[in-house]
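Worksheet for the structure shown next.
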Amino acid sequence: IDYGVIKDPDTSLRDEVIAEEEPTTATTATTATTATTATTATTATTATTATTATTATTATTATTATTATTAPQPSKTTFNGKDVKVGDEVTVTYYIQTEKLCEDFQGYFYYGNKSTSDTTGIELKSFYIREDLPGLMCNTAPAGKIVFTGVSPLNPYDFKTKGKFISATFKINEANYDYYANAVFEVLSAVDGTNYVNFGKIENPFVWEEETSVPTPTTATTATTATTATTATTATTATTATTATTATTATTATTATTAPRPSKTTFNGKDVKVGDEVTVTYYIQT
């Protein structure tokens, strides 16, 4: 929580009101007995006993139990409101444009699972941010949050032309969840002191557009070919007295031979299997 604003969506707040306990005071009955003795031999005054009873009252506070209700799991899989399926890779891109040159920025790229309030079923595959930004620092380590920041007052950032600023690609690993990803600025300032965003609040207008790209669903098409049977009938006529001899030329058909398909899967000569991700790295020294 920063300046009263919740920055981490995993943060949860809970209000609990505890009734003040009423003190219980027990009052003991007090008995006052006053005895008066006559000073005259024949006159006697009987003592009078005054009894005051005080009853103790105990305050009772009723407590109502509150049971947390968990939202039901969705019956379909979505990402930023778009239908997806397990195995899909979704890319979320943001475009920026400002009227003035900027000197600093700080923002967060949040992603996760709305149904579970964490990152269940979603995997960050890659992250991109403009490469021409001096003083840039990024951190993709926190689960569900990418931090990006930059400061360059002497060589300001030119966002005057609308262009791609940041993007991230995510893989869907589990079905029937509502996934999301969105990027926000905490600070975005121009060199002349104009605050586009200050402590997460937009103070001056600028372009900040989001685009979510999901794979296009593939529709299976079945082609049906009708085959008509044709019967050829050859008429043969017998000829007597003349025998015709026809020369026959033998033609040998040559069939192209296809190399057999390998019995295993390799990458650069190393055994792999379907679903593997292979990284090829080169090192240099001069």
Q.
As an exercise: evaluate Gly269 against (1) open to solvent by less than 100 Å² (accessible area, probe 1.4 Å); (2) at pLDDT 85 or above; (3) at negative phi and give the number of the one condition it does not meet.
A. (3)
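Here is a yes/no grid of residues against (1) in contact with a Leu (Cβ under 9 Å, 6 or more places away or on another chain); (2) free of Cβ contacts under 8 Å to residues at least 40 places away in the same chain:
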residue: Val90; (1), (2): no, no
residue: Lys100; (1), (2): no, no
residue: Asn139; (1), (2): no, yes
residue: Lys162; (1), (2): no, no
residue: Ala168; (1), (2): yes, no
residue: Val187; (1), (2): no, no
Q) Taking region 200-243 on its own, how many of its residues are open to solvent by 100 Å² or more (accessible area, probe 1.4 Å) and either at pLDDT 80 or above or of a type in the set (D, E, K, R) (or both)? A) 4
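Could you count how many residues in region 159-179 are closer than 30 Å to Lys85 by Cβ, hydroxyl-bearing (Ser, Thr, Tyr) and either open to solvent by 40 Å² or more (accessible area, probe 1.4 Å) or outside any strand (DSSP E or B) (or both)? Let's see the steps before the verdict.
Step one: of region 159-179, the residues closer than 30 Å to Lys85 by Cβ are 164-179.
Checking the rest, the ones that are also hydroxyl-bearing (Ser, Thr, Tyr) come to 167, 169, 177, 179.
If we keep only those that are either open to solvent by 40 Å² or more (accessible area, probe 1.4 Å) or outside any strand (DSSP E or B) (or both) as well, we get 177.
Residues meeting the conditions: 1.
Kindly indicate whether Asp104 is open to solvent by 50 Å² or more (accessible area, probe 1.4 Å), modelled with pLDDT of 95 or more and not hydroxyl-bearing (Ser, Thr, Tyr).
Criteria not met by Asp104.
The values are calculated or read from the model by the stated rules, or taken from the named source; none is laboratory data. This one's a predicted model, so the numbers in the text were calculated from it and none came from an experiment. With ideal geometry, Cβ positions are generated from the backbone for all residues, glycine too; neighbour counts draw on all protein chains shown. Areas reflect the complete protein model, heavy atoms only, side chains present, ligands, DNA and RNA absent. Shrake-Rupley method; radii C 1.70, N 1.55, O 1.52, S 1.80 Å.
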